[in-house]
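The values are calculated or read from the model by the stated rules, or taken from the named source; none is laboratory data. Please read all numbers here as calculations on a predicted model, not as lab measurements. For neighbour counting, all protein chains shown are included, and Cβ atoms are generated from backbone atoms with ideal geometry for every residue, glycine included. For the accessible areas, the whole protein counts, side chains as well, though only heavy atoms, and no ligand, DNA or RNA atoms are used. Shrake-Rupley method; radii C 1.70, N 1.55, O 1.52, S 1.80 Å.
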Amino acid sequence: MSTFSKANFKTLNYKSFRPHYPPSFYKLLFNYVTKGDLTKLPIDKAIDLGCGTGVATYPLLNSSEHVIGLDLSPKMIQTADSLISERMEQLGISDQSRITFKTGAVEDFVYQEPREIPNESVNLITAAQCIHWFRDYNAFFKNSAQLLKKGGTLAYWFYVDPVIVDFRGPYKGDKAHVLSRTWQLYNKYIYEDANFVGPHWEQPGRTIIKNFTVEVNKHIPSELYDNVVINTFLPNSTDNKTPSEKDLNLSKLDITLEDYLNYLRTYSGYHNFQDATGDKVNVFELLLKDFETELGFDRNTTKVDLVWRTGYTFITKK
Ligand SMILES: C[S@@+](CC[C@H](N)C(=O)[O-])C[C@H]1O[C@@H](n2cnc3c(N)ncnc32)[C@H](O)[C@@H]1O
């Protein structure tokens, strides 16, 4: 997956417009890691694979003495490194040597021997919003198990396809119909209509995440891992489903249509679409126009509530 490594990829936009994982999720994760005994914290070592700008990496410092973030993209790692002082200050941590970011592919760092990190030395391996890009899941699970201590945790999670579950402002017709049309229009521009972003997703990664990483979970080897916990939270535009405390709850409430579009602009598929078409078609202006003419939204005043489809898998090395 190379889109995030391209020189023109806007890593700071990525950091600003992507959702951040809430403290409630880290609580779930570390409850799992310690089997409910939080007095065992901090753990010694966590590795965050596909760490990007460090969105999921920094919060691990609250519960792990040492944290390593690894990413294929030098640009992402540059941004993650540039944030060290600011983020450590926010976390109230003075010892910057507790976190290290490295550029590299998971396939080299985890799969290939000899490894930089000794076998059976890691308490927790995380992969946030990136496992769908990795290759060879059999090798991934086998090699991660070699790095993990007995009883260590492998955790991966994702978010995909945010749903507009409510809105405020003008609209035409029946509200439930308007909500379900926002979802249909999103799907038209992002997946279904071959003139827009759909054909530009790198595959099979996008399909794997769109299908909630079922394809990855299938490869978990029962001889190496147990205590498998798989969770998904799948809201849609018409059911007003609320997340439970076991769900990865990612939402942005009361945001402008422009901020909704700013999130869509961070899609790697959109980035590939722009590269391929030379930016001639302003896909999100078309989506916005459909929202205005068909649904009666107003780009200046409409506010929407966005909730992501999410899921996670936690497994324990035997
Ligand atoms: C969508 S971003 C997620 C970043 C971060 N984990 C988060 O939760 O926001 C996916 C990241 O995975 C990285 N990535 C994809 N394939 C990779 C691989 N094979 N090895 C290392 N990093 C990879 C990309 O460079 C990108 O920064």
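For Lys75, which of the numbered conditions (1) part of a helix (DSSP H, G or I); (2) at pLDDT 95 or above fails to hold?
Every condition holds for Lys75 apart from (2).
Only one of these conditions is not met by Ile230: (1) part of a strand (DSSP E or B); (2) at pLDDT 95 or above; (3) of a type in the set (A, V, I, L, M); (4) farther than 21 Å from Arg135 by Cα. Which number is it?
Exception for Ile230: condition (4).
Looking at Leu70, is it surrounded by 14 or more Cβ atoms within 10 Å (Cβ to Cβ) and at pLDDT 95 or above?
yes
Residue under question is Thr266, and the condition is that it be under 25 Å from Phe17 (Cβ atoms) and open to solvent by 20 Å² or more (accessible area, probe 1.4 Å); does it hold?
In short, no.
Quick grid of which residues meet (1) in the same structural domain as Pro22 (by TED's automatic domain parsing); (2) open to solvent by 20 Å² or more (accessible area, probe 1.4 Å); (3) of a type in the set (A, V, I, L, M); (4) not in a loop (DSSP other than H, G, I, E, B):
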residue	(1), (2), (3), (4)
Pro243	no, yes, no, no
Asn249	no, yes, no, no
Asp254	no, yes, no, yes
Glu258	no, yes, no, yes
Asn262	no, yes, no, yes
Asp275	no, yes, no, yes
Leu286	no, yes, yes, yes
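For residues that are basic (Lys, Arg) and either assigned to a loop (DSSP other than H, G, I, E, B) or surrounded by 18 or more Cβ atoms within 10 Å (Cβ to Cβ) (or both), tally how many sit in the stretch 135-169.
Total meeting the criteria: 1.
If His132 passes every condition in (1) in a loop (DSSP other than H, G, I, E, B); (2) crowded, with 20+ Cβ neighbours inside 10 Å but one, which one does it miss?
Of everything listed in (1) in a loop (DSSP other than H, G, I, E, B); (2) crowded, with 20+ Cβ neighbours inside 10 Å, His132 misses just condition (1).
I'm told Ser94 meets every condition in (1) assigned to a helix (DSSP H, G or I); (2) closer than 17 Å to Asn62 by Cα; (3) more than 15 Å from the ligand (Cβ to nearest atom) except one. Can you identify the failing condition by its number?
Status for Ser94: all satisfied but (1).
Output the number of residues of the stretch 23-42 satisfying the condition of being open to solvent by 10 Å² or more (accessible area, probe 1.4 Å) and under 23 Å from the mean Cα position of the chain (by Cα).
Selection size over the stretch 23-42: 8.
With (1) in a loop (DSSP other than H, G, I, E, B); (2) among the β-branched types (Val, Ile, Thr); (3) more than 17 Å from Thr182 (Cβ to Cβ) as the list, and Thr238 as the residue in question, which single condition is left unmet?
That leaves (3) as the condition not met.
Could you run through the stretch 110-122 and say how many residues are without any contact (Cβ under 8 Å) to a residue 40 or more places away in the chain and within 21 Å of Arg135 (Cβ to Cβ)?
So the count comes out to 6.
Would you mind finding the one in Thr238, Thr293 that is in contact with a Leu (Cβ under 7 Å, 6 or more places away or on another chain), open to solvent by 20 Å² or more (accessible area, probe 1.4 Å) and over 30 Å from Lys149 (Cβ atoms)?
Criteria check complete, one pass: Thr238.
Just checking, does the stretch 56-72 include any residue being acidic (Asp, Glu) and in contact with a helix residue (DSSP H, G or I) (Cβ under 7 Å, 6 or more places away or on another chain)?
Yes, the conditions are met somewhere in the stretch 56-72.
Six or more apart or on different chains, Cβ atoms under 9 Å: show the pairs whose first residue is in the stretch 134-146 and assigned by TED's automatic domain parsing to the domain that holds Arg115 and whose second is within 15 Å of the ligand (Cβ to nearest atom) and among the acidic types (Asp, Glu).
Phe134/Glu107; Arg135/Glu107; Asp136/Glu107; Ala139/Glu107; Phe140/Glu107
Could you list all residues from the stretch 55-68 that are under 15 Å from Ile93 (Cβ atoms) and either within 13 Å of the ligand (Cβ to nearest atom) or not hydroxyl-bearing (Ser, Thr, Tyr) (or both)?
Thr57, Tyr58, Pro59, Leu60, Leu61, Asn62, Glu65, His66, Val67
How many residues, within the stretch 78-91, are open to solvent by 70 Å² or more (accessible area, probe 1.4 Å) and either within 13 Å of the ligand (Cβ to nearest atom) or assigned to a loop (DSSP other than H, G, I, E, B) (or both)?
1
For residues that are polar (S, T, N, Q), in a loop (DSSP other than H, G, I, E, B) and surrounded by 14 or more Cβ atoms within 10 Å (Cβ to Cβ), tally how many sit in the stretch 196-227.
Within the stretch 196-227, residues that are polar (S, T, N, Q), in a loop (DSSP other than H, G, I, E, B) and surrounded by 14 or more Cβ atoms within 10 Å (Cβ to Cβ) number 1.
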